[in-house]
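The values are calculated or read from the model by the stated rules, or taken from the named source; none is laboratory data. Treat the numbers as computed from the prediction; the structure is a model and nothing was measured. For neighbour counting, all protein chains shown are included, and Cβ atoms are generated from backbone atoms with ideal geometry for every residue, glycine included. For the accessible areas, the whole protein counts, side chains as well, though only heavy atoms, and no ligand, DNA or RNA atoms are used. Shrake-Rupley method; radii C 1.70, N 1.55, O 1.52, S 1.80 Å.
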Amino acid sequence: MLVAVDWRNDGWDLESSLTELAHLAETDGLVVVGSSTQRLPKPNMTHYVGAGKLEEIRALKETLHYDVVLVNDELSPGQLRHLEDALNAKVIDRTALILDIFARRAQTHEGRLQVELAQLEYRLPRLTRMWTHLSRQAVGGVGLRGPGETQLEVDRRQARRRIALIKDQLQEVHRHRELYRNRRRRQNIPVIALVGYTNAGKSTLLNRLTDAGVLAEDKLFATLDPTTRRVTLPSGRTVLMTDTVGFIHNLPTFLVAAFRATLEEILEASVIVHVMDVTHPKAAEQAETVRTVLEDLGADCRPIVTALNKIDRLGDGLTPDRIAADLNLPPTYVPISAATGAGVDLLLQRVEDILTQQQRLVPVRVVVPYSEAGLVDLFHRAGKVDSERFGEHGTLLAGHLPVDLLPRFEPYRETAGTR
(Lines give C-alpha, C1' and ligand atoms only; values in the text may rest on other atoms or scores of the structure.)
Protein backbone atom coordinates (compact mmCIF):
# COMPACT_ATOMS: atom_id res chain seq x y z
CA MET A 1 0.00 0.00 0.00
CA LEU A 2 1.51 3.33 -1.09
CA VAL A 3 0.86 6.33 1.15
CA ALA A 4 1.90 9.91 0.35
CA VAL A 5 1.27 13.41 1.64
CA ASP A 6 1.27 16.19 -0.95
CA TRP A 7 3.16 18.93 0.88
CA ARG A 8 6.39 19.65 -0.98
CA ASN A 9 6.78 22.51 -3.40
CA ASP A 10 9.72 21.18 -5.41
CA GLY A 11 8.28 20.85 -8.90
CA TRP A 12 7.29 17.19 -8.52
CA ASP A 13 3.58 16.52 -8.70
CA LEU A 14 2.22 13.84 -6.40
CA GLU A 15 1.29 11.48 -9.23
CA SER A 16 4.84 11.42 -10.61
CA SER A 17 6.29 10.97 -7.13
CA LEU A 18 3.94 8.04 -6.45
CA THR A 19 4.80 6.49 -9.81
CA GLU A 20 8.47 6.57 -8.83
CA LEU A 21 7.68 5.07 -5.41
CA ALA A 22 5.77 2.26 -7.15
CA HIS A 23 8.77 1.66 -9.42
CA LEU A 24 11.03 1.49 -6.36
CA ALA A 25 8.64 -1.03 -4.76
CA GLU A 26 8.65 -3.24 -7.84
CA THR A 27 12.44 -3.03 -8.01
CA ASP A 28 12.51 -4.38 -4.45
CA GLY A 29 10.20 -7.26 -5.34
CA LEU A 30 6.98 -5.86 -3.83
CA VAL A 31 3.53 -5.92 -5.43
CA VAL A 32 1.62 -2.64 -5.25
CA VAL A 33 -2.08 -3.19 -4.53
CA GLY A 34 -3.23 0.39 -3.99
CA SER A 35 -2.37 3.93 -2.93
CA SER A 36 -3.75 6.70 -0.75
CA THR A 37 -2.79 10.39 -0.79
CA GLN A 38 -3.62 13.49 1.18
CA ARG A 39 -2.94 17.20 0.72
CA LEU A 40 -1.53 18.77 3.90
CA PRO A 41 0.65 21.82 4.69
CA LYS A 42 3.09 19.33 6.24
CA PRO A 43 2.93 15.68 7.36
CA ASN A 44 1.15 14.91 10.62
CA MET A 45 3.69 14.77 13.47
CA THR A 46 2.16 11.61 14.96
CA HIS A 47 0.76 9.44 12.15
CA TYR A 48 2.14 11.20 9.02
CA VAL A 49 -1.46 11.46 7.68
CA GLY A 50 -4.52 12.99 9.33
CA ALA A 51 -6.94 11.03 11.54
CA GLY A 52 -9.62 10.67 8.85
CA LYS A 53 -7.15 9.49 6.21
CA LEU A 54 -5.66 7.05 8.72
CA GLU A 55 -9.08 5.45 9.24
CA GLU A 56 -9.55 5.25 5.48
CA ILE A 57 -6.21 3.47 5.01
CA ARG A 58 -7.03 1.09 7.85
CA ALA A 59 -10.40 0.27 6.27
CA LEU A 60 -8.75 -0.49 2.92
CA LYS A 61 -6.86 -3.35 4.51
CA GLU A 62 -10.03 -5.48 4.48
CA THR A 63 -10.39 -5.21 0.69
CA LEU A 64 -6.78 -4.81 -0.50
CA HIS A 65 -5.22 -7.23 2.04
CA TYR A 66 -1.96 -5.29 2.11
CA ASP A 67 0.70 -6.30 4.64
CA VAL A 68 3.29 -3.59 3.92
CA VAL A 69 2.77 0.18 3.85
CA LEU A 70 5.27 2.25 1.85
CA VAL A 71 5.44 5.91 2.84
CA ASN A 72 6.74 8.46 0.33
CA ASP A 73 8.79 10.42 2.89
CA GLU A 74 11.31 9.63 5.59
CA LEU A 75 9.48 9.02 8.87
CA SER A 76 10.62 9.94 12.34
CA PRO A 77 10.93 7.06 14.83
CA GLY A 78 7.70 8.24 16.49
CA GLN A 79 5.75 8.41 13.24
CA LEU A 80 6.97 4.94 12.29
CA ARG A 81 5.93 3.47 15.65
CA HIS A 82 2.49 5.10 15.74
CA LEU A 83 1.70 4.24 12.12
CA GLU A 84 2.60 0.57 12.58
CA ASP A 85 0.48 0.38 15.74
CA ALA A 86 -2.51 2.02 14.04
CA LEU A 87 -2.41 -0.06 10.85
CA ASN A 88 -1.10 -3.33 12.31
CA ALA A 89 1.19 -3.67 9.28
CA LYS A 90 4.85 -3.35 8.45
CA VAL A 91 5.65 0.30 7.62
CA ILE A 92 8.63 1.16 5.43
CA ASP A 93 9.53 4.72 4.55
CA ARG A 94 11.17 5.87 1.32
CA THR A 95 14.66 5.95 2.81
CA ALA A 96 14.47 2.39 4.16
CA LEU A 97 13.16 1.17 0.80
CA ILE A 98 16.07 2.75 -1.08
CA LEU A 99 18.51 1.28 1.44
CA ASP A 100 17.02 -2.19 0.93
CA ILE A 101 17.46 -1.86 -2.85
CA PHE A 102 21.03 -0.68 -2.32
CA ALA A 103 21.70 -3.71 -0.12
CA ARG A 104 20.46 -6.03 -2.88
CA ARG A 105 22.52 -4.29 -5.58
CA ALA A 106 25.89 -3.78 -3.87
CA GLN A 107 28.43 -6.26 -5.23
CA THR A 108 31.85 -4.94 -4.18
CA HIS A 109 33.33 -4.94 -0.67
CA GLU A 110 33.28 -1.13 -0.63
CA GLY A 111 29.69 -1.00 -1.82
CA ARG A 112 28.55 -3.40 0.89
CA LEU A 113 30.38 -1.39 3.55
CA GLN A 114 28.76 1.83 2.37
CA VAL A 115 25.30 0.28 2.40
CA GLU A 116 25.78 -1.21 5.88
CA LEU A 117 27.01 2.14 7.20
CA ALA A 118 23.97 3.92 5.79
CA GLN A 119 21.62 1.26 7.20
CA LEU A 120 23.15 1.46 10.68
CA GLU A 121 23.02 5.25 10.75
CA TYR A 122 19.38 5.11 9.65
CA ARG A 123 18.43 2.41 12.18
CA LEU A 124 20.30 3.70 15.24
CA PRO A 125 17.65 6.27 16.28
CA ARG A 126 14.93 3.71 15.45
CA LEU A 127 16.27 0.86 17.58
CA THR A 128 13.48 1.40 20.11
CA ARG A 129 10.97 0.14 17.57
CA MET A 130 13.13 -2.78 16.52
CA TRP A 131 12.99 -4.32 20.00
CA THR A 132 9.79 -5.43 21.71
CA HIS A 133 11.69 -6.83 24.67
CA LEU A 134 13.15 -3.63 26.09
CA SER A 135 12.56 -4.79 29.65
CA ARG A 136 14.84 -7.76 29.11
CA GLN A 137 18.11 -7.23 30.94
CA ALA A 138 21.54 -8.38 29.95
CA VAL A 139 23.35 -10.18 32.74
CA GLY A 140 25.36 -7.73 34.85
CA GLY A 141 29.06 -8.40 35.23
CA VAL A 142 30.82 -9.13 38.52
CA GLY A 143 31.38 -5.97 40.55
CA LEU A 144 28.85 -3.92 38.57
CA ARG A 145 26.09 -2.00 40.33
CA GLY A 146 22.48 -2.63 39.40
CA PRO A 147 20.84 -5.41 37.42
CA GLY A 148 22.79 -4.68 34.23
CA GLU A 149 22.16 -2.94 30.96
CA THR A 150 18.96 -3.06 28.97
CA GLN A 151 19.17 -4.90 25.67
CA LEU A 152 18.48 -1.59 23.90
CA GLU A 153 21.60 -0.01 25.43
CA VAL A 154 23.67 -3.03 24.42
CA ASP A 155 22.34 -2.89 20.87
CA ARG A 156 23.01 0.85 20.58
CA ARG A 157 26.57 0.45 21.79
CA GLN A 158 27.19 -2.44 19.39
CA ALA A 159 25.72 -0.41 16.51
CA ARG A 160 27.99 2.55 17.32
CA ARG A 161 31.02 0.26 17.48
CA ARG A 162 30.12 -1.25 14.13
CA ILE A 163 29.65 2.22 12.62
CA ALA A 164 33.11 3.27 13.86
CA LEU A 165 34.66 0.05 12.50
CA ILE A 166 33.04 0.48 9.07
CA LYS A 167 34.17 4.12 8.88
CA ASP A 168 37.74 2.99 9.62
CA GLN A 169 37.51 0.34 6.88
CA LEU A 170 36.08 2.85 4.41
CA GLN A 171 38.89 5.24 5.27
CA GLU A 172 41.36 2.50 4.36
CA VAL A 173 39.51 1.92 1.09
CA HIS A 174 39.66 5.67 0.49
CA ARG A 175 43.45 5.66 1.01
CA HIS A 176 43.87 2.86 -1.54
CA ARG A 177 41.60 4.69 -3.97
CA GLU A 178 43.63 7.89 -3.48
CA LEU A 179 46.85 6.02 -4.30
CA TYR A 180 45.21 4.79 -7.49
CA ARG A 181 44.09 8.32 -8.32
CA ASN A 182 47.61 9.70 -7.73
CA ARG A 183 49.03 7.10 -10.10
CA ARG A 184 46.37 8.02 -12.63
CA ARG A 185 47.23 11.72 -12.28
CA ARG A 186 50.91 11.00 -12.90
CA GLN A 187 49.96 9.15 -16.07
CA ASN A 188 47.80 12.13 -17.04
CA ILE A 189 44.83 10.01 -18.15
CA PRO A 190 41.66 12.14 -18.20
CA VAL A 191 38.60 10.82 -16.36
CA ILE A 192 35.09 11.15 -17.81
CA ALA A 193 32.30 10.66 -15.25
CA LEU A 194 28.85 9.49 -16.33
CA VAL A 195 26.19 10.97 -14.06
CA GLY A 196 22.43 11.06 -14.25
CA TYR A 197 19.14 10.13 -12.71
CA THR A 198 18.73 6.44 -11.98
CA ASN A 199 17.58 4.46 -15.03
CA ALA A 200 18.67 7.22 -17.44
CA GLY A 201 20.87 4.80 -19.41
CA LYS A 202 24.39 5.38 -18.06
CA SER A 203 25.26 1.68 -17.85
CA THR A 204 23.89 1.06 -21.34
CA LEU A 205 26.08 3.88 -22.65
CA LEU A 206 29.19 2.51 -20.91
CA ASN A 207 28.47 -0.93 -22.36
CA ARG A 208 28.04 0.61 -25.82
CA LEU A 209 31.42 2.35 -25.57
CA THR A 210 33.47 -0.34 -23.87
CA ASP A 211 31.70 -3.72 -23.84
CA ALA A 212 31.97 -3.40 -20.07
CA GLY A 213 29.26 -5.97 -19.40
CA VAL A 214 27.62 -3.79 -16.74
CA LEU A 215 24.11 -4.85 -15.72
CA ALA A 216 21.64 -2.64 -17.58
CA GLU A 217 17.98 -3.20 -16.71
CA ASP A 218 14.82 -1.12 -16.81
CA LYS A 219 14.94 -0.84 -13.03
CA LEU A 220 15.91 1.86 -10.57
CA PHE A 221 19.45 1.42 -9.24
CA ALA A 222 20.11 -1.54 -11.54
CA THR A 223 23.80 -0.92 -10.85
CA LEU A 224 25.19 0.50 -7.63
CA ASP A 225 28.94 -0.04 -7.65
CA PRO A 226 30.94 2.28 -9.91
CA THR A 227 32.61 0.77 -12.97
CA THR A 228 35.61 2.33 -14.73
CA ARG A 229 36.75 1.34 -18.22
CA ARG A 230 39.12 2.68 -20.85
CA VAL A 231 37.52 4.46 -23.81
CA THR A 232 39.24 5.52 -27.03
CA LEU A 233 38.32 8.98 -28.36
CA PRO A 234 38.10 9.75 -32.11
CA SER A 235 41.74 10.93 -32.19
CA GLY A 236 42.94 7.68 -30.66
CA ARG A 237 43.49 9.24 -27.26
CA THR A 238 42.65 7.04 -24.25
CA VAL A 239 40.47 8.22 -21.38
CA LEU A 240 38.91 6.52 -18.37
CA MET A 241 35.10 6.53 -18.20
CA THR A 242 33.35 5.90 -14.87
CA ASP A 243 29.70 4.94 -14.42
CA THR A 244 28.54 6.30 -11.04
CA VAL A 245 25.51 5.44 -8.90
CA GLY A 246 22.31 6.98 -10.21
CA PHE A 247 20.69 9.88 -8.38
CA ILE A 248 17.07 10.04 -7.27
CA HIS A 249 14.62 12.61 -5.99
CA ASN A 250 14.81 13.22 -2.22
CA LEU A 251 17.99 11.17 -1.85
CA PRO A 252 18.68 11.45 1.90
CA THR A 253 21.68 13.59 2.85
CA PHE A 254 23.28 10.84 4.94
CA LEU A 255 23.06 8.50 1.93
CA VAL A 256 25.02 10.98 -0.18
CA ALA A 257 27.54 11.18 2.67
CA ALA A 258 27.81 7.39 2.96
CA PHE A 259 28.54 7.09 -0.76
CA ARG A 260 30.81 10.12 -0.88
CA ALA A 261 33.96 8.01 -1.41
CA THR A 262 32.38 6.51 -4.52
CA LEU A 263 31.02 9.84 -5.71
CA GLU A 264 34.47 11.42 -5.33
CA GLU A 265 35.21 9.96 -8.76
CA ILE A 266 33.00 12.77 -10.07
CA LEU A 267 35.25 15.35 -8.38
CA GLU A 268 38.26 13.85 -10.20
CA ALA A 269 36.59 14.07 -13.60
CA SER A 270 37.97 16.28 -16.35
CA VAL A 271 34.54 16.21 -18.00
CA ILE A 272 31.13 15.18 -16.67
CA VAL A 273 28.65 13.58 -19.07
CA HIS A 274 25.11 14.11 -17.78
CA VAL A 275 22.95 11.34 -19.26
CA MET A 276 19.26 12.33 -19.46
CA ASP A 277 16.25 10.21 -20.35
CA VAL A 278 14.46 12.57 -22.74
CA THR A 279 11.39 10.33 -22.86
CA HIS A 280 10.64 10.72 -19.15
CA PRO A 281 7.74 13.08 -18.40
CA LYS A 282 9.74 14.55 -15.49
CA ALA A 283 13.01 14.99 -17.41
CA ALA A 284 13.34 18.62 -16.27
CA GLU A 285 12.84 17.73 -12.60
CA GLN A 286 15.25 14.81 -12.89
CA ALA A 287 17.85 17.12 -14.43
CA GLU A 288 17.38 19.56 -11.56
CA THR A 289 17.89 16.72 -9.05
CA VAL A 290 21.19 15.83 -10.72
CA ARG A 291 22.33 19.46 -10.72
CA THR A 292 21.48 19.76 -7.02
CA VAL A 293 23.50 16.67 -6.08
CA LEU A 294 26.45 17.90 -8.17
CA GLU A 295 26.29 21.21 -6.32
CA ASP A 296 26.20 19.41 -2.97
CA LEU A 297 29.31 17.46 -3.99
CA GLY A 298 31.07 20.61 -5.21
CA ALA A 299 31.33 19.23 -8.75
CA ASP A 300 29.07 21.74 -10.50
CA CYS A 301 32.11 23.73 -11.68
CA ARG A 302 33.31 20.89 -13.92
CA PRO A 303 32.67 21.06 -17.70
CA ILE A 304 29.41 19.22 -18.40
CA VAL A 305 28.19 17.66 -21.65
CA THR A 306 24.50 16.75 -21.62
CA ALA A 307 23.64 13.53 -23.47
CA LEU A 308 19.96 13.47 -24.40
CA ASN A 309 19.48 9.71 -24.32
CA LYS A 310 16.74 7.41 -25.71
CA ILE A 311 16.03 9.53 -28.81
CA ASP A 312 15.07 6.27 -30.53
CA ARG A 313 11.94 6.24 -28.32
CA LEU A 314 10.76 9.79 -29.02
CA GLY A 315 7.20 10.08 -30.21
CA ASP A 316 5.95 12.01 -33.21
CA GLY A 317 6.40 15.75 -33.02
CA LEU A 318 9.13 15.59 -30.38
CA THR A 319 12.70 16.45 -31.37
CA PRO A 320 15.86 16.68 -29.25
CA ASP A 321 16.22 20.36 -30.18
CA ARG A 322 12.71 21.12 -28.93
CA ILE A 323 13.36 19.21 -25.70
CA ALA A 324 16.68 21.00 -25.20
CA ALA A 325 14.93 24.36 -25.71
CA ASP A 326 12.22 23.41 -23.19
CA LEU A 327 14.90 22.41 -20.68
CA ASN A 328 16.93 25.55 -21.40
CA LEU A 329 20.06 23.47 -22.00
CA PRO A 330 23.39 24.98 -23.09
CA PRO A 331 24.44 24.33 -26.70
CA THR A 332 26.84 21.53 -25.66
CA TYR A 333 24.02 18.94 -25.54
CA VAL A 334 24.24 15.88 -27.81
CA PRO A 335 21.20 13.73 -28.80
CA ILE A 336 22.11 10.05 -28.49
CA SER A 337 20.67 6.57 -28.23
CA ALA A 338 22.83 4.36 -26.02
CA ALA A 339 20.75 1.39 -27.18
CA THR A 340 21.35 1.87 -30.93
CA GLY A 341 24.60 3.88 -30.87
CA ALA A 342 23.13 6.91 -32.65
CA GLY A 343 25.00 10.10 -31.77
CA VAL A 344 27.61 8.35 -29.63
CA ASP A 345 30.50 9.29 -31.93
CA LEU A 346 29.45 12.95 -31.77
CA LEU A 347 29.30 12.70 -27.97
CA LEU A 348 32.88 11.41 -27.83
CA GLN A 349 34.00 14.17 -30.20
CA ARG A 350 32.35 16.79 -27.97
CA VAL A 351 34.16 15.35 -24.94
CA GLU A 352 37.45 15.43 -26.82
CA ASP A 353 36.90 19.03 -27.89
CA ILE A 354 36.53 20.03 -24.24
CA LEU A 355 39.63 18.07 -23.23
CA THR A 356 41.57 19.77 -26.02
CA GLN A 357 40.47 23.18 -24.78
CA GLN A 358 41.48 22.20 -21.26
CA GLN A 359 44.85 20.94 -22.35
CA ARG A 360 45.81 23.32 -25.14
CA LEU A 361 48.96 22.04 -26.81
CA VAL A 362 52.00 24.30 -27.13
CA PRO A 363 55.30 23.63 -28.97
CA VAL A 364 58.15 22.38 -26.82
CA ARG A 365 61.61 20.81 -27.18
CA VAL A 366 63.04 18.82 -24.29
CA VAL A 367 65.94 16.53 -23.47
CA VAL A 368 64.68 13.93 -21.03
CA PRO A 369 67.38 12.04 -19.07
CA TYR A 370 67.41 8.30 -19.62
CA SER A 371 66.66 7.91 -15.91
CA GLU A 372 63.27 9.62 -16.49
CA ALA A 373 61.83 7.17 -19.02
CA GLY A 374 58.37 7.70 -17.54
CA LEU A 375 58.35 11.30 -18.81
CA VAL A 376 59.08 10.12 -22.33
CA ASP A 377 56.10 7.80 -22.10
CA LEU A 378 53.98 10.68 -20.73
CA PHE A 379 55.02 12.91 -23.66
CA HIS A 380 53.86 10.22 -26.11
CA ARG A 381 50.57 9.62 -24.33
CA ALA A 382 49.53 13.16 -23.43
CA GLY A 383 51.20 15.17 -26.16
CA LYS A 384 52.09 15.01 -29.83
CA VAL A 385 55.62 13.94 -30.80
CA ASP A 386 57.00 15.46 -34.04
CA SER A 387 60.50 14.02 -33.73
CA GLU A 388 62.44 11.82 -31.35
CA ARG A 389 66.14 10.94 -31.20
CA PHE A 390 68.62 9.69 -28.66
CA GLY A 391 71.52 11.91 -27.63
CA GLU A 392 74.38 11.90 -25.20
CA HIS A 393 72.36 13.41 -22.36
CA GLY A 394 69.01 11.73 -22.96
CA THR A 395 66.03 11.45 -25.31
CA LEU A 396 65.49 14.54 -27.47
CA LEU A 397 61.78 15.15 -28.06
CA ALA A 398 60.22 17.87 -30.17
CA GLY A 399 56.46 18.29 -30.37
CA HIS A 400 53.51 19.72 -28.48
CA LEU A 401 52.45 19.32 -24.85
CA PRO A 402 49.39 20.41 -22.85
CA VAL A 403 49.95 23.66 -20.98
CA ASP A 404 49.24 22.02 -17.65
CA LEU A 405 52.13 19.56 -18.18
CA LEU A 406 54.82 22.17 -18.96
CA PRO A 407 56.01 22.44 -15.33
CA ARG A 408 56.81 18.70 -15.34
CA PHE A 409 59.14 19.15 -18.33
CA GLU A 410 60.53 22.62 -17.51
CA PRO A 411 63.80 21.27 -15.97
CA TYR A 412 64.53 19.47 -19.26
CA ARG A 413 63.92 22.24 -21.77
CA GLU A 414 66.50 21.98 -24.57
CA THR A 415 69.54 24.27 -24.34
CA ALA A 416 72.54 24.72 -26.60
CA GLY A 417 74.66 22.47 -24.41
CA THR A 418 72.27 19.54 -24.61
CA ARG A 419 71.77 19.36 -28.38
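Quick rundown of the values:
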{"item": "Residue 205 vs. criteria surrounded by 22 or more Cβ atoms within 10 Å (Cβ to Cβ), within 11 Å of the chain's Cα centre (by Cα) and at pLDDT 75 or above", "result": "no"}
{"item": "Search result, residues across region 27-60 that are without any contact (Cβ under 8 Å) to a residue 40 or more places away in the chain and in a helix (DSSP H, G or I)", "result": "51, 52, 53, 54, 55, 56, 58, 59"}
{"item": "Qualifying positions in region 14-44 - farther than 18 Å from residue 60 by Cβ, open to solvent by 40 Å² or more (accessible area, probe 1.4 Å) and among the β-branched types (Val, Ile, Thr)", "result": "19"}
{"item": "Subset tally (residues that are in a helix (DSSP H, G or I) and either surrounded by 13 or more Cβ atoms within 10 Å (Cβ to Cβ) or in contact (Cβ under 8 Å) with a residue 12 or more places away in the chain (or both)) for region 381-410", "result": "8"}
{"item": "Failed condition for residue 120, given (1) under 30 Å from residue 228 (Cβ atoms); (2) modelled with pLDDT under 85", "result": "(2)"}
{"item": "Some residue of region 341-349 being of a type in the set (Gly, Ala, Ser), closer than 27 Å to residue 285 by Cβ and surrounded by 13 or more Cβ atoms within 10 Å (Cβ to Cβ)", "result": "yes"}
{"item": "Residue list for region 61-90, restricted to those being in contact with a strand residue (DSSP E or B) (Cβ under 8 Å, 6 or more places away or on another chain), open to solvent by 20 Å² or more (accessible area, probe 1.4 Å) and outside any helix (DSSP H, G or I)", "result": "67, 68, 74, 90"}
{"item": "Residue that is farthest from residue 202 (Cα to Cα) [pool: residues in region 276-300 that are open to solvent by 10 Å² or more (accessible area, probe 1.4 Å) and in a loop (DSSP other than H, G, I, E, B)]", "result": "298"}
{"item": "Pairs, first closer than 9 Å to residue 70 by Cα in region 89-101, second part of a helix (DSSP H, G or I) and open to solvent by 10 Å² or more (accessible area, probe 1.4 Å), C-beta under 8 Å, six or more apart", "result": "90/84; 91/80; 91/84; 92/100; 93/80"}
{"item": "Candidates 164, 159 - the one that is of a type in the set (Gly, Ala, Ser), touching a helix residue (DSSP H, G or I) at 6+ places or on another chain (Cβ under 7 Å), over 30 Å from residue 360 (Cβ atoms) and assigned to a helix (DSSP H, G or I)", "result": "159"}
